[in-house]
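Undergrad: A single structure is presented below for examination.
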Amino acid sequence: MSKHALITGITGQDGAYLSRLLLEKGYEVHGLLARRGSDTLWRLRELGVENEVRMVDGDLTDLSSLIRAMQASQATEVYNLGAQSFVGTSWQQPVLTAQVDGVGAINVLEAVRIVNPEARFYQASTSEMFGLIQAQKQDEKTPFYPRSPYGVAKLMAHWATVNYRESHGLHASSGILFNHESPLRGLEFVTRKVTDGVARIKLGLAKELRLGNIDAKRDWGFAGDYVEAMWLMLQQPQADDYVVATGVTTSVREMVEIAFRHVGLDSRDHLAVDPKFFRPAEVDVLLGNPAKAKAKLGWAPRTSLEQLVTMMVDADLRRLRK
Ligand code: NAP
Ligand code: GDD
């Protein structure tokens, strides 16, 4: 019998990579489709799985639609990836972010509990919950200190996941994922803004790249590697929480240099810092310790930052040349 998965946020970066992974494993893949943008299926199309997944209309803020999605998909594994995921926007839309990212996760947990409490649940938690870091290397035991409305909402969802596991016995796991990128990353996030900007400058379509805090440091990995960790978590006999990271941190400035170097340009000739892109409160540095995921899941990242950035620049050059 084939396994059935329901993915919220299926049209996002991780949703696309996870769909492809689960289809390769023989799953019937269902996705919650919120239908907001004009071409929301472009990522699934780029990975060649647009016609392989089955969509069910719904929204994370609408419990009844989630109950119907659980019923229609007959899901035995539920991956809650849907979110207002851009940290910068969360200061402009704190209530929406709380409703979608915080209450939305509780809505999915309720739908699982009501329709099929045996189904396994994955919550897309985030290193943004560590915020003002309380340990040099963050792991599952590091105290949280979120620095944005996004981080606060995600912390609610994280603890709700732990609570449903402890109080209702759900197989509910939380992946505390550090930043992960790919050619399918949204243009608002810094890595893709940089690789798209560098490709434009290389092709003579732009002259300058304007960024905010280039001293911020992140632990960046490849989304294609990280969705494997999500799946592995739901294959374990016991639900648990795991940090998923590379264990290497790099500044935005260094990331920018890698991208320019790849196309034979010098970042100093094109980079400008614009206070417009600074945030009201910053997460200065993130660095994860993925030892538990390695020991218990047998998971390890396979893609270096250099490989990731060059893959993204090449993809943007290809897109722009078209
Ligand atoms: P993404 O590309 O921004 O995708 C977000 C998805 O959520 C989209 O499919 C979007 O649908 C959907 N969505 C937004 N509001 C919704 C609503 N009200 N109801 C239903 N769906 C809604 O994000 P991602 O990078 O793939 O990340 C996946 C998840 O992991 C997110 O929860 C994110 O917060 C979390 N996370 C990401 C990272 C990272 O570095 N990428 C790290 C840690 C945690 P539309 O296409 O219709 O807008
Ligand atoms: N977006 C953006 N644009 N960020 C910039 C810019 C810019 O022009 N200039 C500097 N930065 C800095 C931000 O201030 C931040 O410190 C860092 O680059 C990374 O920003 P983002 O790429 O927007 O990612 P994020 O770390 O805030 O959030 C991402 O990772 C989280 C996991 O830690 C998102 O994917 C979240 O959804 C995810 O939870």
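Undergrad: Give me the one-decimal Kirkwood hydrodynamic radius in Å for the chain, with the sum taken over alpha-carbon pairs.
TA: In the chain this quantity evaluates to 20.0 Å.
Undergrad: Based on DSSP H runs of at least 4 residues, each adding -39500 (n - 2.57), what is the mean residue ellipticity at 222 nm of the chain after dividing by all its residues, to the nearest 500 deg cm²/dmol?
TA: Mean residue ellipticity at 222 nm (helix-derived): -11000 deg cm²/dmol.
Undergrad: Give me the percent of Cα-Cα pairs in segment 1-92 that sit more than 16 Å apart, rounded to a whole number.
TA: 51 percent
Undergrad: Taking the Cα-to-Cβ direction at residue 159 and at residue 306 and moving 7 Å from each Cα, how far apart do the two end points lie in nm?
TA: Modelled inter-label distance: 4.3 nm.
Undergrad: For the pair residue 314 and residue 62, what calculated FRET efficiency results from E = 1/(1 + (r/R0)^6), where r is the Cβ-Cβ distance and R0 = 56 Å, to the nearest 0.05?
TA: 0.90
Undergrad: Along its three principal axes, how long is segment 190-309 when you only count alpha carbons? Whole Å, largest extent first please.
TA: Principal-axis extents of the Cα atoms in segment 190-309, largest first: 53, 31, 18 Å.
Undergrad: Once phi is turned into ³J(HN,Hα) by the Karplus curve 6.51 cos²θ - 1.76 cosθ + 1.60 with θ = phi - 60°, what whole-Hz value does each residue of segment 71-83 show in order, with x for glycine and proline?
TA: Those phi angles translate into 5, 5, 7, 6, 5, 9, 9, 10, 10, 8, 9, x, 5 Hz.
Undergrad: Using the per-residue mean of other Cβ atoms lying within 10 Å as a proxy for protection, in what order, highest first, do the peptides 231-242, 269-280 fall?
TA: 231-242, 269-280
Undergrad: Report the relative contact order of the chain, percent, no decimals, based on alpha-carbon pairs under 8 angstrom and at least 6 residues apart.
TA: Dividing the mean separation by the residue count of the chain yields 17 percent.
Undergrad: Amide H to amide H, which residues 5 or more places from residue 180 or on other chains are under 5 Å from it, using H placed in the peptide plane?
TA: It is 221, by chain and number.
Undergrad: Give the lysines reachable from residue 3 as a straight Cα distance under 17 Å; neighbours fewer than 8 places away on the same chain don't count.
TA: Result set, ordered by chain and number: 25.
Undergrad: Jot down the per residue volume, in cubic angstrom and as a whole number, of the convex hull over the alpha-carbon atoms of segment 59-180.
TA: 97 Å³
Undergrad: I would also like to ask the following. Using 0.36 nm times the number of residues separating residue 205 and residue 277, minus their current alpha carbon distance, what extension gain do you get?
TA: 23.7 nm
Undergrad: Let me ask something additional. DSSP beta bridges in the chain, what fraction antiparallel, as a percent rounded to 5?
TA: Among the beta bridges of the chain, antiparallel pairing accounts for roughly 5 percent.
Undergrad: In whole Hz, what ³J(HN,Hα) sequence does segment 115-129 give by Karplus (6.51, -1.76, 1.60; θ = phi - 60°), x for Gly and Pro?
TA: Karplus values, whole Hz, x for Gly and Pro: 8, 8, x, 7, 5, 8, 10, 10, 10, 7, 7, 8, 5, 4, 5.
Undergrad: So which aspartates and glutamates can residue 292 reach, going by Cα to Cα under 20 Å and dropping same-chain residues fewer than 8 places off?
TA: In chain and number order, the partners are 128, 139, 140, 219, 225, 228, 240, 241.
Undergrad: Across segment 81-226, how many lysine pairs separated by 8 or more positions, or lying on different chains, have Cα atoms within less than 23 Å?
TA: 8
Undergrad: Using the alpha-carbon centroid of each, what span in Å lies between segment 218-244 and segment 253-319?
TA: Centre-to-centre (Cα) distance: 19 Å.
Undergrad: Here's another thing I want to ask about it. Between residue 96 and residue 166, what is the spin-label point distance in nm, taking each point 7 Å from the Cα along the Cα→C-beta axis?
TA: It works out to 3.4 nm between the two label points.
Undergrad: Students often check this: by mean Cβ neighbours within 10 Å, which of 146-158, 115-127 ranks highest, and how do the rest follow?
TA: Those peptides, ordered most packed to least, come out 146-158, 115-127.
Undergrad: At R0 = 22 Å, how high is the FRET efficiency between residue 269 and residue 187 if r is their beta carbon distance? Nearest 0.05 is fine.
TA: So the FRET efficiency works out to roughly 0.45.
Laboratory data are not the source of any read-out in this text; all were calculated from the coordinates shown. This one's a predicted model, so the numbers in the text were calculated from it and none came from an experiment. Note that each Cβ is placed from the backbone with ideal geometry, even for glycine, and that neighbours are counted across all protein chains shown.
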